[in-house]
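The structure appears below as structure tokens.
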Amino acid sequence: MHTSVHWDVIIIGAGPIGLAAAWNYAREHRDHKVLVLEQHALFTQLAGTSGEERHWRLQYSELEIFRLTLEADKLWRQLEQQADRKLIHRIGSLWFGDADVWTNEGQIRQTMLSMDEMRLPYERLTMREIERRYGFTGLDSNYEGFLQQDGGVIDVKGTLASLYSLASEAGVEFQFQQCVKAVEPDARGATVLTTQNRYRARKVLVASGPGSKKLLRQLDIELALSTYEMACISMLRSQRLGANDPFWFAFQPPVESDSNLFYGFPPNPWSVNGFDRLGTDFEVDPITEANAPGYRANPQHVERALEFARRHMPFLEPDKQHSAASCLAVLPTDPARQFYLDSAKGRCHGGEHLVVSAGGWAFKFTPLMGQICADLLAEREPRWDISALRF
Ligand code: BEZ
């Protein structure tokens with residue numbers, strides 16, 4: 001094993017946050033050497049960035065996170081300009097269900113109050129209006145919801161490809177199939193050990209999704225994170241073709257087997273296959289060392305999603321044609337926390353040379369969190385209030 005060239009910054013993980021951090025840091029420090037290490041390939045389906053799309057929303061129940069989405073919105077628009085590519089399709093974000101049920105995505109009633117406070121426009125809708133407008137059937141008549149017009153769907157692969165190109169143009173180097181086994185910070189920087197190599201850097205960012213917890217535990221940094229393998233099912237749409245349907249999320253009281261939360265993307269605007277994607281947001285059966293990810297959707301969760309579609313979405317054909325995939329979600333165990341992003345200063349020996357971004361449904365924050373990571377790597381106070389992210 002040899003120590004290759006010394007780097008100014010090493011980023012562990014070529015997911016959205018790692019790529020955005022690499023690009024932001026490199027374009028602000030043209031003479032610095034930046035390396036991204038990734039254990040899989042760029043468009044891997046084996047981690048947290050599998051699938052085609054992610055939800056884009058401005059609204060949050062928590063005001064401190066809500067404020068950050070408004071900042072992320074500005075940076076997405078800049079990123080789209082720089083990449084010369086549309087990355088967010090603002091088809092709207094429809095939330096419906098029991099307005100009083102608290103979930104890991106927040107609560108409908110509190111979110112409406114937060115939108116009022118932030119003066120973000122939305123259209124409040126009864127369940128009858130939602131059924132008439134968007135074709136759902138058989139949902140509890142006491143349900144209600146809203147449409148937030150600026151929400152929508154993020155193009156996952158378009159975002160990754162854009163950030164990879166921008167980072168490469170800014171001089172970032174990449175090494176794929178490099179599985180990091182340990183990070184060893186010290187008084188002058190940090191050593192990164194992979195199965196094949198030993199690297200040395202002044203600063204290191206750990207942004208490796210499901211792999212981060214293990215790396216941090218070796219440094220006695222215990223982040224309360226749980227990893228879940230969530231199901232996402234593609235189903236053929238046979239009616240409402242060409243309807244301008246929004247992304248939707250159904251907030252329902254939990255049932256014995258799971259949290260009973262479902263969401264869906266209509267056929268996405270950048271592909272032509274005509275499939276809806278229906279996901280389960282079930283925080284059950286966390287991945288442990290004994291229970292490694294199978295990279296396949298849990299059949300019971302698939303059946304729950306098919307059942308939701310059979311009962312409530314008559315414009316889909318769940319029994320004619322469907323295919324299931326899974327996505328790893330690393331989420332803070334504490335429901336009051338959404339994300340962890342901070343310098344590890346004071347957390348371990350040499351922690352001032354380590355930045356950590358771990359956990360949460362963070363894709364929507366890609367350009368913002370990338371910039372915050374770049375600021376922390378440059379030992380600069382981020383220009384936004386990140387107290388809700390720090391650990
Ligand atoms: C979100 O908006 O954060 C989200 C949407 C669908 C599933 C999980 C999270």
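The values are calculated or read from the model by the stated rules, or taken from the named source; none is laboratory data. All figures in this text were calculated on a predicted structure; none of them were measured in a lab. No Cβ is skipped: glycine too gets one built from the backbone with ideal geometry, and neighbour counts run over all protein chains shown. These accessible areas exclude ligands, DNA and RNA; they are computed on the full protein's heavy atoms, side chains included. Shrake-Rupley method; radii C 1.70, N 1.55, O 1.52, S 1.80 Å.
Out of Gly135, Gly145, one residue alone is over 27 Å from Gly360 (Cβ atoms), of a type in the set (Gly, Ala, Ser) and over 19 Å from the mean Cα position of the chain (by Cα). It is Gly135. For the range 333-357, residues that are open to solvent by less than 10 Å² (accessible area, probe 1.4 Å) and within 16 Å of the ligand (Cβ to nearest atom) total 2. Is it true that Ala21 is of a type in the set (Gly, Ala, Ser), surrounded by 17 or more Cβ atoms within 10 Å (Cβ to Cβ) and under 30 Å from Glu117 (Cβ atoms)? When the stated conditions are applied, Ala21 does not pass them. The range 1-112 holds strands (runs of 3 or more DSSP E) entirely within its bounds, and those carrying 1 or more residues that are more than 23 Å from Val330 (Cα to Cα), over 18 Å from the mean Cα position of the chain (by Cα) and more than 16 Å from the ligand (Cβ to nearest atom) map to 3-12, 34-37.
Of the strands (runs of 3 or more DSSP E) lying entirely inside the range 184-294, those containing at least 3 residues that are more than 21 Å from Ile154 (Cβ to Cβ) span 190-194, 198-206, 225-236. Selection of the range 127-164 for residues being aromatic (Phe, Trp, Tyr), over 19 Å from Met313 (Cβ atoms) and part of a helix (DSSP H, G or I) yields only Tyr164.
With respect to the conditions (1) away from the ligand (no atom under 14 Å from the Cβ); (2) open to solvent by less than 30 Å² (accessible area, probe 1.4 Å); (3) modelled with pLDDT of 95 or more, Ala297 lacks only one, and its number is (3). Hey, among the residues in the range 359-384 that are closer than 24 Å to Lys214 by Cα and within 16 Å of the ligand (Cβ to nearest atom), which one's surrounded by the fewest Cβ atoms within 10 Å (Cβ to Cβ)? Only one residue tops the list, namely Trp361. Within the range 92-111, residues that are open to solvent by less than 10 Å² (accessible area, probe 1.4 Å) have Cβ atoms under 8 Å from residues that are of a type in the set (Lys, Arg) and within 13 Å of the ligand (Cβ to nearest atom) in these pairs: Ser93/Arg57, counting only partners at least 6 apart in sequence or on another chain.
Of all residues assigned to the range 314-326, at least one qualifies as being within 21 Å of Gly152 (Cα to Cα) and over 24 Å from the mean Cα position of the chain (by Cα). Go through Ser208, Ser238 for me and flag whichever is open to solvent by 20 Å² or more (accessible area, probe 1.4 Å), away from the ligand (no atom under 16 Å from the Cβ), among the hydroxyl-bearing types (Ser, Thr, Tyr) and farther than 20 Å from Ala292 by Cβ. Residue meeting the stated conditions: Ser238.
For Asp155, indicate whether it is within 16 Å of the ligand (Cβ to nearest atom), more than 22 Å from Gln338 (Cβ to Cβ) and not aliphatic (A, V, I, L, M). So Asp155 fits the description; yes.
Determine which member of the set Ser387, Ser323 is open to solvent by 10 Å² or more (accessible area, probe 1.4 Å) and touching a strand residue (DSSP E or B) at 6+ places or on another chain (Cβ under 6 Å).
Ser323
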